[in-house]
Amino acid sequence: MARPKLLIAASGTGGHLFPALAVAKALPDYDIHWLGVPDRLETQLVPGIYPLHQVPLQGFQGRNPIAQLRPLGQLLGAIQKTRTLIRQEGIQGVFTTGGYIAAPGILAARSLGCPTLLHESNALPGKVTRALAPWCSQVAVGMAEAVQHLDKKTGRTIAVTGTPVRPEFLGPQALDLAIPEDSPLIVVMGGSQGAVALNQKVREAIPHWLETGAWVVHLTGTNDPDAHSLSHPHYVVLPFYDNMAGLLQRADLAISRAGASALTELTLTGTPGLLIPYPYAAENHQRHNGDVLVKAGAAEMISQGDLTGDRLQKLILDWLGNPTKLKAMAHQARSLAVPDSTEQLATLVRQLIPPTHPN
Ligand SMILES: CC(=O)N[C@H]1[C@@H](OP(=O)(O)OP(=O)(O)OC[C@H]2O[C@@H](n3ccc(=O)[nH]c3=O)[C@H](O)[C@@H]2O)O[C@H](CO)[C@@H](O)[C@@H]1O
């Protein structure tokens with residue numbers, strides 16, 4: 001049986017790349033090529049596993065038509081390059097997790113009659129997803145709340161699959177940090193790129209938590225100039241940490257941005273979350289994501305503008321003193337989990353691009 005050839009278009013952030021990598025791993029019998037952009041996270045995560053093809057691409061910003069000419073030119077160039085790639089490599093279909101890179105992937109595939117699968121992880125689908133969903137063979141979403149924004153546009157059934165995570169989240173993981181088993185553990189995390197503004201507010205509160213005997217693991221991202229301004233034996237500061245599954249499984253609670261992948265992970269690990277959505281995210285989509293967990297009783301949410309060190313400090317101390325509340329939140333978080341999301345999407349890929357039998 002010939003190995004089917006799949007192009008995965010996923011770029012930029014962990015929120016786009018980790019779900020795509022999880023699906024790719026579930027398709028070991030496929031020849032996978034990757035479409036990305038120079039200088040983004042995919043250049044660290046993809047080479048050595050899949051051939052990475054890069055097209056320069058940036059988003060359309062502002063309303064000035066002259067300023068749009070450059071991104072428009074780049075998009076047309078990227079579509080042309082992707083068409084050439086599809087033809088030269090004999091690609092049979094495209095899977096994308098949305099964002100700008102989805103545009104050349106979907107449009108080039110569609111122009112050549114190849115099937116496309118688009119997965120959108122956010123509760124409020126991004127602009128590219130809303131614009132291009134009608135051109136896709138199948139659209140899947142991470143959260144049911146996204147369906148209302150897409151089903152009328154596509155006129156087709158939208159699959160609600162949850163969002164794939166790294167496979168480690170699906171089983172218990174040991175934590176390679178020396179944190180005593182009976183100490184409360186608070187995890188602070190931004191998105192895959194960190195969150196400097198959030199870090200500043202949290203640092204005001206951390207000493208109060210440490211005084212009670214709690215431990216804090218703070219994932220600061222790589223851009224925080226004050227990352228090491230605080231030190232304490234129970235305070236672990238890391239720019240980025242890979243074993244998120246082990247960390248969130250062990251944590252009593254997490255203070256987090258509200259990116260779709262982070263929230264999906266909190267549901268799988270049953271970790272109560274205090275969510276502070278990134279206020280400049282496109283169309284405030286992180287707030288929509290956070291609403292889903294808040295409505296279910298799995299998390300609480302505070303706007304960055306309303307967050308003070310003092311308020312944060314008191315709120316978390318109150319949570320730590322209320323194990324019944326934390327247990328209930330953990331239970332509600334788990335009730336939202338979709339552990340077979342990766343398999344569901346891999347199945348959709350297999351349906352759209354089935355292994356071909358030699359004649
Ligand atoms: C700022 C912004 O617009 N971010 C968006 C971006 O994802 P972004 O990558 O910012 O955020 P997500 O929460 O979706 O993903 C973060 C990922 O990074 C991982 N992580 C983080 C820190 C760390 O030290 N180690 C680690 O592995 C998390 O476990 C998670 O898997 O795309 C997502 C999917 O469209 C959106 O929902 C987010 O709103």
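No lab work stands behind these numbers, since they all come straight from the coordinates. Worth saying up front: this structure is predicted, and the values here are computed from it rather than measured. A quick note on method: Cβ atoms are made from the backbone with ideal geometry, for glycine too, and the neighbour counts reach across all protein chains shown.
Numbers below:
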{"read-out": "Residues located in region 301-313, provided they are surrounded by fewer than 19 Cβ atoms within 10 Å (Cβ to Cβ) and either within 11 Å of the ligand (Cβ to nearest atom) or aliphatic (A, V, I, L, M) (or both)", "value": "M301, I302"}
{"read-out": "Yes/no for L132 being within 16 Å of the ligand (Cβ to nearest atom) and either surrounded by fewer than 20 Cβ atoms within 10 Å (Cβ to Cβ) or part of a loop (DSSP other than H, G, I, E, B) (or both)", "value": "no"}
{"read-out": "Looking only at region 148-178, and only at residues there that are of a type in the set (D, E, K, R) and within 13 Å of the ligand (Cβ to nearest atom), the one that is nearest to the chain's Cα centre (by Cα)", "value": "R166"}
{"read-out": "Hits in region 147-178 - residues which are of a type in the set (D, E, K, R), surrounded by fewer than 16 Cβ atoms within 10 Å (Cβ to Cβ) and either in a loop (DSSP other than H, G, I, E, B) or touching a Leu at 6+ places or on another chain (Cβ under 6 Å) (or both)", "value": "R156, D176"}
{"read-out": "Of all residues in region 179-206 being within 23 Å of the chain's Cα centre (by Cα) and part of a loop (DSSP other than H, G, I, E, B), the one that is farthest from the ligand (Cβ to nearest atom)", "value": "A195"}
{"read-out": "Any hit, region 102-110, residues being surrounded by 22 or more Cβ atoms within 10 Å (Cβ to Cβ) and over 23 Å from the mean Cα position of the chain (by Cα)", "value": "yes"}
{"read-out": "Residue under evaluation A10, criteria (1) within 16 Å of the ligand (Cβ to nearest atom); (2) out of contact with any strand residue (DSSP E or B) (no Cβ under 6 Å at 6 or more places or on another chain); (3) free of Cβ contacts under 8 Å to residues at least 60 places away in the same chain, criterion not met", "value": "(3)"}
{"read-out": "Yes/no for F169 being aromatic (F, W, Y) and in contact with an Asp or Glu (Cβ under 7 Å, 6 or more places away or on another chain)", "value": "yes"}
{"read-out": "Where W209 falls short, out of the listed (1) part of a strand (DSSP E or B); (2) away from the ligand (no atom under 13 Å from the Cβ); (3) in contact (Cβ under 8 Å) with a residue 60 or more places away in the chain", "value": "(1)"}
{"read-out": "Selection from region 255-300 of residues that are under 14 Å from A333 (Cα atoms), more than 10 Å from the ligand (Cβ to nearest atom) and either touching a Gly at 6+ places or on another chain (Cβ under 8 Å) or not in a helix (DSSP H, G or I) (or both)", "value": "G270, T271, P272, G273, L274, L275, L293, A296, G297, A298, A299, E300"}
{"read-out": "Every residue from region 233-254 that is among the hydroxyl-bearing types (S, T, Y) and either without any contact (Cβ under 8 Å) to a residue 24 or more places away in the chain or within 11 Å of the ligand (Cβ to nearest atom) (or both)", "value": "Y241"}
{"read-out": "Pick from region 81-113, criterion within 16 Å of the ligand (Cβ to nearest atom) and in a loop (DSSP other than H, G, I, E, B), ranking: farthest from A20 (Cα to Cα)", "value": "Y100"}
{"read-out": "Segments classed as strands (runs of 3 or more DSSP E), wholly inside region 1-69, with at least 2 members that are under 12 Å from T96 (Cα atoms)", "value": "5-9, 31-36"}
